[in-house]
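Colleague: Structure provided below as C-alpha cells; questions to follow.
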Amino acid sequence: MKLDRLPWIDVTPYDHILSSLISLCQKTDVSLISVQGPNGSGKSRILREVVSVLSEDDNVGAIAFNGHDGSILYSHGATLQISSIFKSQERRTRFSLALETVLEDKEHLYMLIDDVEALPDDIIGDIINILTESDFYDGRVTLVTFMGVAPIYLAARQLLKDAQMVTLPSMSIMQAKQFIDKVYHYTHQTKNLSMSEVNHLHSLSYGYAGRLIKLLEQYLINPQQVKSSAIWWIVGVVLSLPLIGVFLWFQYEVNDVVPHQEIVLEPRITSEPIPIRKEVIPVKVVQPIQEQIFVGPIFMVQKSSLIDSASIDVDEKPILSYVIELARDRSKEQLVRKLQGRSIPGKAQFIKIESQGSNIWVAYIGPYGSKAQAQQGKEKLPASLQSLPLKVRKEF
C-alpha cells in the first residue's frame, strides 16, 4: 500500500520544524533558507506542507521544483519554465526577467528547490548571485533549498553558507509509536503494531519519517485489496456449485444405488432325520502313586526352654525433637516486648517452665527433626535475632 499521498502527520519534532520554518519564510529580512537532512528524513514532505501553507495567501506566489530535472512540483501564482531557463546560455537574464514578471502581480515570491545538490554548482551560484546582488529582490524573494548531508555535497553547502540552516532531527521510539498510530488511523487499519515491532522499525529507519513510511508500506493492508479478494472468493464458490452437483450425480449413477429393502427370514421344516455323529474320546488311565512316609524320632523339649516371642519387650528409645530457644524471662509481657519488632520465621511459641525453683517463660521456634537441623536453622536466622542468646535444646 503506497503512502505517498498521506496527509501531514502532526507529531513531534516535525510539527516544531514546520512551524519554525514557516516563521522564517515569513520574515522579510530572511531571503535564503537551507533545510538539511539525510535521505528519508522527510524533506520532501515538509516542502509540500510549507508550499501548501504559504499558498493560502493570494498576494504571494510560490513555486517548487526538483533539482534533478527542473520539473515543477507545485506552483501557485507563479509561472517559470525552470528546465528551459537553466538549459539556456542566457539563463541569468531569462531568470531575472521571469522573476520580475511574477513580482509585477505578487508582493512576494517563495521559490523552493528540492534536492538542490542535484543542480550544477554554477546554476546554484547564479541563482544566489541574482537574488543577493540586486536590491529589487531584497525582501521580496525567499529561496528555500532542501538538500542532503552527505560529504559529497560540500560544494553546494559552501554556496549556501550564508543561509539560515534548519536540520531535521530523528524521532524517539515513543514519537515513532505516535507517528505509526496516526498513519494507521489515516489508513483505517484495524491491527496495531506491538512495541517490539515499533522498536524494530525505529532501528531500521533511524527514527526518520520518510524511511519509516517506506517500511510501513509492507505492514499495511489495502482495504480495496481485501474487498476485491473477498468478492473473488464468493464468485469462485458460486461457480463451483454446479460442478459439485454434477460430481454428486455422477457418483450416484456409477455406484447404482439400490433402495434399502427389508430382509425377512422364514423357517424351513424338513422330515428327513439329521444324522448324529458320535465321537469317542479316549481316556488316559493314570496309575496311583505310592507314597512312602518316613517317621523320624521325636525330640522332647522342656517347657521352660520354649520362648514366647510375644513376651519380649523391645526397649525403644523415644524420638526427641529439638527447638531453638530465642529468649526467656520471668514475665511473658517482658518477653513479648523483647521479641517485638524482630523478624521471626514462622511463629514464636511460648511455654512456662520451672527452673531453679521459680517459674519462667521461654520463647522458642521449632520443632526440628534432629539437632543438626536445629543448629542449621539457628545459623540461618536473620540478623535481628542473632543478637539474642539463642540456644539449641531438646523440646520441652
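Laboratory data are not the source of any read-out in this text; all were calculated from the coordinates shown. Everything quoted here is computed from the prediction, not taken from an experiment. We place every Cβ from the backbone using ideal geometry, glycine too, and count neighbours over all the protein chains shown.
Colleague: What's the local net charge at Ile353, with K and R +1, D and E -1, over the other residues with C-beta under 13 Å away?
Modeller: On the way: positive: Arg328, Arg330, Lys332, Lys352, Arg393, Lys394; negative: Glu325, Asp329, Glu354, Glu395.
Residues near Ile353 contribute +2 overall.
Colleague: Output needed for region 101-171: three equivalent-ellipsoid semi-axes, defined as square roots of 5 times the C-alpha gyration tensor eigenvalues, in descending order, whole Å.
Modeller: On the way: eigenvalues 116, 44, 22 Å².
Here the semi-axes work out to 24, 15, 11 Å.
Colleague: Count the net charge of all other residues whose Cβ sits under 12 Å from the Cβ of Asp115, scoring Lys and Arg as +1 and Asp and Glu as -1. Show your work: numbers first, answer last.
Modeller: On the way: positive: Lys43; negative: Asp69, Asp114, Glu117.
Around Asp115, the charge tally is -2.
Colleague: Under the classification rounded if a/c is under 1.5, otherwise prolate if a/b is larger than b/c and oblate if not, where does region 322-394 fall, given a ≥ b ≥ c as square roots of the Cα gyration tensor eigenvalues? The partial results should precede the final answer.
Modeller: Details: a/c = 2.14, a/b = 1.26, b/c = 1.69.
Because a/c hits 1.5 or more and a/b fails to exceed b/c, region 322-394 counts as oblate.
Colleague: Which of the pairs Lys106/Lys214; Lys106/Lys182; Lys352/Lys378; Lys161/Lys214; Lys43/Lys106; Lys27/Lys161 have their Cα atoms more than 30 Å apart in this structure?
Modeller: Working: Lys106/Lys214 38 Å; Lys106/Lys182 37 Å; Lys352/Lys378 22 Å; Lys161/Lys214 32 Å; Lys43/Lys106 27 Å; Lys27/Lys161 19 Å.
Flagged as over cut-off: Lys106/Lys214; Lys106/Lys182; Lys161/Lys214.
Colleague: Dividing the convex hull volume of the Cα atoms of region 14-169 by its residue count, what figure in Å³ per residue is obtained?
Modeller: Values: hull volume 15.6 nm³, N = 156.
With only Cα atoms used, region 14-169 gives 100 Å³ per residue.
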